[in-house]
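What follows draws every value from the coordinates through simple rules; no lab data is involved. Keep in mind that what you see is a predicted model, and the values were worked out from it rather than measured. No Cβ is skipped: glycine too gets one built from the backbone with ideal geometry, and neighbour counts run over all protein chains shown.
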Amino acid sequence: MKKENQQTAYEMVLVFEPRFDDGEPLQQEMEKIRTLLKASGANILKEDLWGKRPLAYPMRKFTNGVYVVLVFEATGDTVQVVERQLRITDSLLRFLTVLKDKYTPDFHAGLRYEREYRSPRPSHGSSRPSRSDSSDSDNSGDDATA
């Protein structure tokens, strides 16, 4: 049974309007959110700026958004208070808060690894053998017996 005041880990993804791509306005908005979290008793563990990325579908006529991931420890009541304030923040397109448990992967670390270390894919036509090359060598003896 959990205590009421026990803090648990949460991961929050924030999607800001694309005009916040440059540094200072985004930092001001993030400082407001950090202040709100700390004033509510949360402990911020990690903050990761993903930058401007395309959205899956247009939101408020925007096709791009600036993504920020926060990992923090807080109580359930604190999360409710913070989410209530985030709902009325005009600069946020969307946000999502999930409870982190021992099975929850660190998506922010995995995406950073994939972005930095993944090798580029080969072009379509250069590395594949053509069908005519492979079929000619396999069927050369069948046509002579018929």
The Cα extents of the stretch 13-102 along the principal axes, largest first and rounded to whole Å, are 34, 28, 24
So, with points 7 Å from each Cα along the Cβ direction, the residue 71-residue 88 label distance in nm works out to 3.2 nm
Residue span residue 45 to residue 28: 0.36 nm per residue of separation minus Cα-Cα distance leaves a gain in nm of 4.2 nm
In nm², the average projected area of the convex hull spanned by the Cα atoms of the stretch 1-43 is 3.9 nm²
